[in-house]
Structures are given as structure tokens and as C-alpha cells.
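These notes concern the structure reproduced below.
The values are calculated or read from the model by the stated rules, or taken from the named source; none is laboratory data. Since the structure is predicted, the reported quantities are computational estimates derived from the model, not experimental observations. Quick reminder, even Gly has a Cβ in these numbers, built from the backbone with ideal geometry, and neighbours come from all protein chains shown. Surface areas here come from the heavy atoms of the whole protein model, side chains and all, with no ligands, DNA or RNA. Shrake-Rupley method; radii C 1.70, N 1.55, O 1.52, S 1.80 Å.
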Amino acid sequence: MDFDSDGVRIHYEVEGPERGKPIVLVHGFASDYRLNWVGTRWQETLTGAGFKVIGIDCRGHGRSDKPHAEADYGVGLMAGDVVGMLDDLGIGEVACLGYSMGARIGLQIVLDHPRRVTRAVLGGIGWAGAIDHAAEIAHAFRTGEPTDDPIVQSFYKFASARPTNDMQALAACIVGLKADVQPDRLARIRTPILIVVGDRDDIATGAPELVELVPSARLVTIANRDHMSAVPAREFKQAALEFLTADD
């Protein structure tokens with residue numbers, strides 16, 4: 001399914017029981033709904049637990065439109081896309097599961113639209129407001145010439161391996177996706193939040209500091225997992241399901 005978000009076409013999918021508890025899934029940078037959440041068996045896990053899964057392809061990714069202007073990728077705009085999708089479906093409140101970029105978007109939804117999220121699982125996220133080396137990563141995407149920095153090389157390898165990715169759109173996204181999260185706003189959050197990171201994640205730095213700033217957040221650390229390998233981890237799924245069903 002698709003809807004128009006102020007001129008940008010956004011693709012999404014709905015799976016699971018019609019009367020299931022709705023949960024929106026927001027993927028990471030240079031990924032899409034199916035790669036991030038279906039291939040890793042998250043969709044299967046959640047629908048099997050009775051959830052109605054709503055998966056979005058964020059702008060610049062998957063089967064959604066891919067504009068090339070950095071101004072089209074503010075985190076507030078991308079959070080607004082998710083809320084617009086929920087409006088298109090006529091859904092008021094949802095749980096939220098986001099990873100990396102998707103976690104940053106999920107946090108922004110909690111900040112900007114607190115009544116729309118009942119509880120949120122945010123994986124692969126730290127205190128930093130933007131990805132380190134964003135300008136260098138964008139340059140590599142635009143020129144096809146990654147530096148010898150291991151983080152730049154990791155992003156470039158992951159993104160360029162998928163022929164459906166538009167590297168110019170992703171370059172605009174990684175620069176435009178700037179989060180200006182102020183500590184006083186984080187301190188006012190009351191939505192229950194579970195932060196999940198791998199103990200070897202060198203991209204999502206500062207997760208404990210983020211949890212300290214959000215009164216309603218708690219942290220789960222997954223042993224022997226880095227930024228990429230944490231996504232399909234059984235421990236991640238178990239922690240998320242326990243948290244998401246806590247009120248049931």
C-alpha cells in the first residue's frame with residue numbers, strides 16, 4: 001500500500017491478525033521493511049504473538065520515493081511520515097519498534113506525537129544526535145570512493161550491496177537526518193521505552209547516557225553483538241516481546 005506524504009509517496013505493508021494489537025516497525029538506514037524485519041523473522045515473531053504489524057519503507061528507501069534533497073530528510077519529516085501512515089490506516093495508538101535510524105525516528109515520534117505511541121522498543125540507538133562521519137559517508141555514496149575509515153566502509157559496503165538503493169538519496173538522507181534532541185525534552189517523556197544495543201556496537205554509542213536522560217526508559221544489552229548482528233538476536237526478540245506484552 002502507498003500514501004502521499006506532502007508529495008512524497010510512502011510505501012507500507014500490513015501483516016498479521018486484523019484485530020491484533022498494532023505495532024509499527026521502522027527500519028534502519030539503507031535498509032527497508034522486508035530486509036530489516038521480514039528476513040530477520042521479526043515479522044513472523046510479532047504476528048505469531050498476535051500483533052498486527054505495520055511496516056514502513058522510509059522515504060529514500062525500499063519502494064518509497066527517493067528524493068535527492070537533504071531538506072527532505074529531517075527527522076521530524078520522517079517521523080511525520082509514520083504518523084501520516086497511521087492516519088491513512090485510521091489507527092490512533094500503536095506500539096513502536098525501530099532500529100538505528102528507525103529508532104531515532106521512533107524517538108522523535110514519542111517527542112512530537114506522544115499520544116500516538118503506547119510504548120516503544122528502540123534498538124541500536126545512543127545519545128548521539130546524528131551518525132558519526134555522516135559527511136564522509138555521504139561523500140562516499142556520491143562519489144563511489146569510500147575512505148579507509150572502517151565506519152565509512154561499513155556503511156558503504158552495506159548500502160552499495162543492494163541494487164535497489166539510490167546512493168544519491170541515501171547520501172541526502174544521512175546528512176539531512178539531524179536530530180536536535182534537547183535533554184529537557186527527553187526528561188519529559190513518560191512513554192515506556194526499552195533501549196536495546198549490542199555490547200560490541202560502535203555505531204550506537206551512549207545508550208546508557210540516553211537511558212539516564214529518559215525517566216521512562218530502561219536498557220538491555222545483548223552480549224557479543226555489534227550494530228548489524230544485534231537485529232536478529234533471539235535475546236532482542238525475547239526482551240522486546242516481554243516489554244511489549246507487559247500490560248497484557
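Taking R0 as 35 Å, what FRET efficiency do you get between Gln182 and Arg41 from their Cβ-Cβ distance, rounded to the nearest 0.05?
Numbers: r = 37 Å, r/R0 = 1.05.
Here the calculated transfer efficiency is 0.45.
Peptides 64-72, 79-87: what's the order by average Cβ count within 10 Å, highest mean first? Walk me through the intermediate numbers first.
Values: 64-72: 16.7, 79-87: 20.4.
By packing density, highest mean first, the sequence is 79-87, 64-72.
Taken over the chain, lysine pairs spaced eight or more positions apart, or on distinct chains, with alpha carbons under 19 Å apart number 4. Please give the Cα centre distance for segment 27-79 versus segment 200-225, rounded to the nearest Å. The distance from the Cα centre of segment 27-79 to that of segment 200-225 comes to 22 Å. Given +1 at the Cβ of Lys and Arg, -1 at the Cβ of Asp and Glu and no other charges, the dipole of segment 131-239 around its Cα centre is 580 debye to the nearest 20. Candidates Phe141, Gly62, Gly106 compared by Cα position along the dipole of segment 1-154: farthest toward the positive end lies Gly106, with charges placed on Cβ. For the pair Thr205 and Gln168, the difference between a 0.36 nm per residue extended length and the Cα-Cα distance amounts to 10.7 nm.
Over the chain, what is the relative contact order in whole percent, taking alpha-carbon pairs under 8 Å and six or more residues apart? Don't skip to the answer; put the middle values down first.
Values: 493 pairs, mean separation 47.6, N = 248.
With pairs under 8 Å counted, the relative contact order is 19 percent.
For segment 141-248, the relative contact order comes to 21 percent (Cα pairs under 8 Å, sequence separation of at least 6). Ordering 232-239, 9-16 by mean Cβ neighbour count within 10 Å, with the highest value first, yields 9-16, 232-239. Protein heavy-atom surface of segment 1-140, 1.4 angstrom probe: 48% of the accessible area is carbon and sulfur, with nucleic acids and ligands not counted.
Each Lys and Arg contributes +1 and each Asp and Glu -1, all at the Cβ; summed about the Cα centre of segment 144-203, the dipole is approximately 400 debye.
Roughly how many Å² is the accessible area per residue of the chain, as a whole number, for a 1.4 Å probe?
Values: 10680 Å² over 248 residues.
Value for the chain: 43 Å² per residue.
Equivalent ellipsoid semi-axes for the chain, as square roots of 5 times the alpha carbon gyration tensor eigenvalues: give them largest first, rounded to whole Å.
Values: eigenvalues 126, 87, 63 Å².
Its equivalent ellipsoid spans semi-axes of 25, 21, 18 Å.
Here's the picture: charge each Lys and Arg Cβ at +1 and each Asp and Glu Cβ at -1 in the chain, and of Ser229, Gly48, Pro192 the one pushed furthest to the positive end of that dipole is Gly48. Going out from 0 in 10 Å bins, what whole percent of all Cα-Cα distances in segment 151-248 drops into each bin? Percent of pairs per bin, in order: 13, 33, 36, 17, 1. Surface calculation, 1.4 Å probe, protein heavy atoms: Ile23 sits at approximately 0 Å² accessible.
If Arg162, Arg188, Arg119 are ordered by their accessible area, calculated over protein heavy atoms with a 1.4 Å probe, which sequence runs from highest to lowest?
Result of the area sort, largest leading: Arg188, Arg162, Arg119.
Which residue, Gly98, Gly144, Gly176, has the most motion in a Gaussian network model of the chain that connects Cα atoms within less than 10 Å? Top of the fluctuation ranking is Gly144.
To the nearest 20 Debye, how big is the dipole of the chain about its Cα centre, given +1 on the beta carbon of each Lys and Arg and -1 on that of each Asp and Glu? Can you show the working numbers first?
Values: 25 positive and 35 negative charges, 107 e Å.
Rounded to the nearest 20 debye, it is 520 debye.
Is it possible to state the helix-based mean residue ellipticity at 222 nm for the chain, with each DSSP H run of 4+ residues giving -39500 (n - 2.57), the sum divided by total residues, to the nearest 500 deg cm²/dmol? What is it? Mind dumping the intermediate values first?
Numbers: 9 runs with 88 residues, N = 248.
Helix contribution divided over all residues of the chain: -10500 deg cm²/dmol.
For the set His113, His139, solvent exposure ranked by accessible area (probe 1.4 Å, protein chains only) runs largest to smallest as His139, His113.
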